[in-house]
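Comments concern the structure below.
The values are calculated or read from the model by the stated rules, or taken from the named source; none is laboratory data. In this text the structure is predicted, and so the values were computed from the model without any measurement. Glycine also receives a Cβ, built like all others from the backbone with ideal geometry; neighbour counts cover every protein chain displayed. When the accessible area is computed, the model is the full protein with side chains, heavy atoms only, and any ligands, DNA or RNA have been set aside. Shrake-Rupley method; radii C 1.70, N 1.55, O 1.52, S 1.80 Å.
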Amino acid sequence: HAKKNRNEYQSYKPEMNHEAYDRLRLESDLRQGLEQEQFTLAYQPLVNLCTGSIVGVEALVRWQHPQRGLLPPGEFIPLTEDNGLILPLGEWVLRAACQQNKAWQDAGLPPMMMSVNLSMRQFRQHRLAERIESILEQTGMPPQYLELEITESMTSDSDIASGILSELKAIGVQISIDDFGTGYSSLGNLKKFPVDKLKIDRSFVTDMTKDGSDAAMITTITSLARHLNLKVTAEGVETDEQIRLLREGNCEEAQGFYFSKPIPANMFESWYRHRSQT
Ligand code: C2E
Ligand code: CA
Ligand code: CA
Ligand code: CA
């Protein structure tokens, strides 16, 4: 038995070293990436299902790594959450997203919401509301067009979350709960939190055409949202059939590859202009 363990240990060890090395390497690359502004934002539209009009965009961060190419957030966000670099990165994302939305408004695009994801560490950051308020002032972005996306897990300590959310609401921004349905929000908390929107997690949308219980989940969340006077967006919509079922379930907004993948700012702008002409 002991021998087997030793063998497992020996065969596992080089990989551990490799992983630890990769992590260190990535961490120093991240610091450099922040200094050299190697990050970019991709934008994905949120569409009103009744009118077909674009009501907003979600900003999703990417890293243009000098050797490894364009990296999706899943490959670096978790590390930045562990080592604290999410704070400067998150601040960069907020500023860049606000600047972009302001630039689009100035260029004559119809005003739309700009959604930005917050991580747990950012959400708990000292004076978050003040920091965001000064970014809004510096960029000239009207607060009512900024939507901050948090996850259910951030609301697990409901007293702390209530306090932070009230401060954020006081500066005039919108709040949505991302990946809704995958966490453990208590409905009681949901009622007392000053949030504006629920975003139904992609997993329910993906399986709604195959699995009746997922379709029921969507209808349930939608009617819950209506009772609590919250908006609702379905995430990860890819097919006509999903759109049809979402409309049937009275879901007002959707986001997903069906409309557009997340794309760079200039592509989004021409896509949007072209779309509003036709
Ligand atoms: P999320 O906030 O749930 O964002 C939606 C993710 O689903 C995006 O992945 C998007 O590309 C993908 N997606 C959208 N529509 C579809 C669809 O129809 N089908 C499929 N299969 N996927 C779809 P992405 O860009 O890789 O982002 C992954 C996650 O990384 C995000 O999940 C979010 O939690 C996090 N993230 C992205 N940007 C930021 C950021 O600036 N700050 C923080 N803290 N987290 C971020
Ligand atoms: Ca999100
Ligand atoms: Ca989501
Ligand atoms: Ca997600």
Subject >> Residues that are under 21 Å from LEU109 (Cβ atoms) and outside any helix (DSSP H, G or I), drawn from the stretch 232-267 >> reply: THR233, GLU253, ALA254, GLN255, PHE259, SER260, LYS261, PRO262, ILE263, PRO264
Original post:
LEU146 passes all but one of (1) within 16 Å of ligand 1 (Cβ to nearest atom); (2) among the hydrophobic types (A, V, I, L, M, F, W, C); (3) open to solvent by 50 Å² or more (accessible area, probe 1.4 Å); which number fails?
Top reply: (3)
**OP:** Go through the stretch 193-228 residue by residue and tally those that are acidic (Asp, Glu), open to solvent by less than 50 Å² (accessible area, probe 1.4 Å) and out of contact with any Gly (no Cβ under 9 Å at 6 or more places or on another chain).
**Re:** 2
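Look at the stretch 104-125 and say how many of its residues are among the aliphatic types (A, V, I, L, M), open to solvent by 50 Å² or more (accessible area, probe 1.4 Å) and either within 13 Å of ligand 1 (Cβ to nearest atom) or part of a helix (DSSP H, G or I) (or both).
The first filter runs over the stretch 104-125 and keeps only residues among the aliphatic types (A, V, I, L, M), leaving 107, 109, 112-114, 116, 118, 120.
Still in the list and also open to solvent by 50 Å² or more (accessible area, probe 1.4 Å): 107, 120.
Still in the running and either within 13 Å of ligand 1 (Cβ to nearest atom) or part of a helix (DSSP H, G or I) (or both): 120.
So the answer is 1.
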Original post:
Restricting attention to the stretch 65-75, does a residue exist that is open to solvent by 30 Å² or more (accessible area, probe 1.4 Å) and touching a Ser or Thr at 6+ places or on another chain (Cβ under 6 Å)?
Top reply: no
Subject >> Verdict on ILE164 being out of contact with any Asp or Glu (no Cβ under 7 Å at 6 or more places or on another chain), open to solvent by less than 40 Å² (accessible area, probe 1.4 Å) and more than 16 Å from ligand 3 (Cβ to nearest atom) >> reply: yes
Subject >> Test: residue in the stretch 229-250 that is more than 16 Å from ligand 4 (Cβ to nearest atom), open to solvent by less than 20 Å² (accessible area, probe 1.4 Å), farther than 18 Å from ILE150 by Cα and of a type in the set (A, V, I, L, M, F, W, C) >> reply: yes
Original post:
In the stretch 131-147, what count of residues is obtained for those that are farther than 14 Å from ARG95 by Cβ and either outside any helix (DSSP H, G or I) or free of Cβ contacts under 8 Å to residues at least 24 places away in the same chain (or both)?
Top reply: 2
**OP:** Six or more apart or on different chains, Cβ under 6 Å: which pairs go from a residue in the stretch 81-92 that's open to solvent by 40 Å² or more (accessible area, probe 1.4 Å) to one that's among the hydrophobic types (A, V, I, L, M, F, W, C) and in a helix (DSSP H, G or I)? Could you list them?
**Re:** PRO88/LEU34
